[in-house]
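K.L.:
Mind looking over this structure? Questions follow.
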Amino acid sequence: MEARGGYTPGDEVERFSTHAYGVVFAEVAVDERLGLVRVRRVLGVYGAGRVINPGLAESQAIGGLVGGIGMALLEHTVTDPRDGRIVNANLADYLVPTNADAPDVNAVHLTGDDRTADPIGVKGLAEVVIVGVAPAIANAVFHATGRRVRDLPITIEALL
């Protein structure tokens, strides 16, 4: 069986928001003496319309949440000021999160479809799963320490 079709949005994309949305909650623990931040739990809740492939959407969300933990606490490009070269340009020196860095990561996808967005009711999940993680962790660190950190990654030096 073969089916062909097409869709061109009308003026509804100018009258309504048709983007996916999400919210992220983070719980952290901060060692007072050492300034070490550990993520205890992260929950992402996303509204991406009709989810066609739940397994893929779950993997995308979990991967984005873990990537956001890395953005908030680990990933940092170090540039040599003398010649502008990147000092940690390999995976041996560039820190990325592992299973130990993300002990409890969960994602919830809201049910429903959005026929205003498109005829089958789907929206893109893509980057919406990662953009809220670092701010959620930074806010959790603020609530734990009283220090507002505005530069990523959140380092020990910023908390001491």
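The values are calculated or read from the model by the stated rules, or taken from the named source; none is laboratory data. From a predicted model like this one, the values you see are computed outputs, not experimental measurements. Here Cβ is always computed from backbone atoms with ideal geometry, including for glycine, and neighbour counts include all displayed protein chains. SASA here: full protein model, heavy atoms, side chains in, ligands and nucleic acids out. Shrake-Rupley method; radii C 1.70, N 1.55, O 1.52, S 1.80 Å.
K.L.:
Taking only the Cα atoms of the chain, how large is their convex hull per residue, in Å³?
P.N.:
Looking at the chain, the number lands at 196 Å³ per residue.
K.L.:
In the neighborhood of ASP104, defined by Cβ-to-Cβ distances under 10 Å, what is the net charge if each Lys or Arg adds +1 and each Asp or Glu adds -1?
P.N.:
My count for the surroundings of ASP104 gives +1.
K.L.:
Might you report the magnitude of the Cβ-based charge dipole of the chain about its Cα centre, with Lys and Arg at +1 and Asp and Glu at -1, to the nearest 20 debye?
P.N.:
In total the dipole reaches around 300 debye.
K.L.:
Loop only per DSSP, at most 16 neighbouring Cβ atoms within 10 Å: give me the chymotrypsin sites (Phe, Trp or Tyr not before Pro) in region 5-99, ordered by residue number.
P.N.:
The qualifying sites are TYR7, PHE16, TYR94.
K.L.:
Counting only protein heavy atoms and a 1.4 Å probe, tell me what percentage of the chain's accessible area is made up of carbon and sulfur.
P.N.:
53 percent
K.L.:
Residues of region 114-155 with backbone nitrogen within less than 11 Å of a virtual label 7 Å along the Cα-to-Cβ line of VAL13, please, listed as ranges.
P.N.:
Hits in region 114-155 for VAL13 at 11 Å: 117-118.
K.L.:
Could you go through region 66-71 in sequence order and give the Karplus-derived ³J(HN,Hα) for each residue, using 6.51 cos²θ - 1.76 cosθ + 1.60 with θ = phi - 60°, rounded to whole Hz, and x for Gly and Pro?
P.N.:
5, x, x, 5, x, 4
K.L.:
Where does helix 133-145 land angle-wise versus the long Cα axis of the chain, in degrees 0 to 90, nearest 10?
P.N.:
40 degrees
K.L.:
How many Å² of accessible area per residue for the chain, probe 1.4 Å?
P.N.:
Per-residue value: 66 Å².
K.L.:
Could I ask something else about it? For the chain, which longest stretch is free of loop sites, where a loop site is one of the GluC sites (Glu not before Pro) that DSSP puts outside H, G, I, E and B and that has at most 12 other Cβ atoms within 10 Å?
P.N.:
Result, exposed sites excluded: 33-160.
K.L.:
In region 1-30, whose amide N lies under 19 Å from the spot 7 Å out along Cα-to-Cβ of THR116? List them in ranges.
P.N.:
In region 1-30, the label zone of THR116 (backbone N under 19 Å from the point 7 Å along Cα→Cβ) covers 8-23.
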